[in-house]
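Structure, as structure tokens:
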Amino acid sequence: MPAPPPAPVAVVAEPAPIATERKSWFDKLKTGLRKTGTGIQAVFVNAQIDDALYEELESALLMADTGVKATEFLLDDLKGRVKRQMATDASQVKRLLADAVTDLLKPLEKPLVIGEYTPTVIMVAGVNGAGKTTSIGKLTKHLATEGASVLLAAADTFRAAAREQLLVWADRNTVEIVSNEGGDPSAVSFDAVNAGKARGKDVVLVDTAGRLPTQLHLMDELKKIKRVVTKADATAPHEVLLVIDGNTGQNALAQVRAFDETLGLTGLIVTKLDGTAKGGVLCAIARERPIPVYFIGVGEKLEDLETFNAREFAQALLG
Ligand SMILES: Nc1nc2c(ncn2[C@@H]2O[C@H](COP(=O)(O)OP(=O)(O)O)[C@@H](O)[C@H]2O)c(=O)[nH]1
Ligand SMILES: [Mg+2]
């Protein structure tokens, strides 16, 4: 087993002042979302309010993976706003679009609540490489910063490396971990929830193996993990989160639908919004499966997890 890298203590112990943190996050998000297609903001440069503007806007929204339905909805909504406000120049239209996107995304804005149950059991699912394990590491840091004690369940027992990866995160965050190499993921989850109860932990985070919604036996396994968690604690799981890669585009919506049907999702974490993100997909989710976005991932480091804010996201999306 390779030795885990040294813990970056400073990162955990000395967070930057909130305002700076929030700004740097906003910049990262904006830079990421700017890479989106031709860029929505470009449509408004030296533009008149005419059919051509709306047509270009339609293409730009589709390029950003907003999807046909949400794009149609936004354009209709925008035209209404433009009429009511009697907007006369393109920059006003851009501001009104930001309002329309904000209003559409607002229902997704919801905080993750800890403390109603002890422990709060959070199950985390998603396809391979979506960023589950990384997000669990970041979330652990976020929770630890707020004073919550966290127990990690390494229920991704498929890949030996997955357990090691979580162990590194556990080490970094000085939290405890329940794992069983090559063991049954349901058994690990069951043990972890019991251990969480016995040790008085505030949160138990269950990391699961990546799977595609089309892999029915693996989706059944997720259901089994959920059932077994309920056996260990009748009120659990309290949260079932899906992690989606912000670059996945419209396929993310298909993932949200499929995992929601199998598990009954309570929240989303959208990762990699610092990359060549197709951020418009959140509009599609808001329109078609409005499941709260608890957090967004804007980088690979521990502190690169932020709560979702509809207004900020809309501003970043529009550049
Ligand atoms: N740029 C960036 N990379 C991320 C983010 N979240 C995860 N990753 C990277 O995505 C890859 C897969 O992450 P991992 O957590 O192992 O995915 P899992 O298979 O779902 O557990 C790793 O290289 C992570 O560093 C993010 O918000 N931004
Ligand atoms: Mg993983």
*Hey, among the residues in region 291-307 that are in a strand (DSSP E or B) and hydrophobic (A, V, I, L, M, F, W, C), which one's farthest from ligand 1 (Cβ to nearest atom)?*
Val293
_Checking the conditions here, which among Lys110, Lys106, Lys138 is under 20 Å from the mean Cα position of the chain (by Cα), basic (Lys, Arg) and within 15 Å of ligand 2 (Cβ to nearest atom)?_
Lys138
*Hey, any hits in region 119-130 for a residue that's touching a residue at least 12 places away in the same chain (Cβ under 8 Å) and part of a helix (DSSP H, G or I)?*
no
_Every residue in region 131-164 that is surrounded by fewer than 22 Cβ atoms within 10 Å (Cβ to Cβ), more than 14 Å from ligand 1 (Cβ to nearest atom) and outside any loop (DSSP other than H, G, I, E, B), please._
Leu143, Ala144, Thr145
_Filter result (touching a residue at least 12 places away in the same chain (Cβ under 8 Å), part of a loop (DSSP other than H, G, I, E, B) and more than 15 Å from Thr266 (Cα to Cα)) within region 215-248_ = Asp233, Gly246, Asn247, Thr248
*For region 95-113, enumerate the residues that are buried (at least 20 other Cβ atoms within 10 Å of the Cβ) and of a type in the set (Val, Ile, Thr).*
Val101
_I'm trying to understand the selection: among the residues of region 191-227, which are away from ligand 1 (no atom under 16 Å from the Cβ), of a type in the set (A, V, I, L, M, F, W, C) and closer than 23 Å to Leu112 by Cβ?_
Ala192, Val193, Ala195, Val203, Val204
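Every number in this text was worked out from the coordinates using simple rules, so none of it is lab data. Everything quoted here is computed from the prediction, not taken from an experiment. Cβ atoms come from the backbone with ideal geometry, glycine included; neighbour counts cover every protein chain shown.
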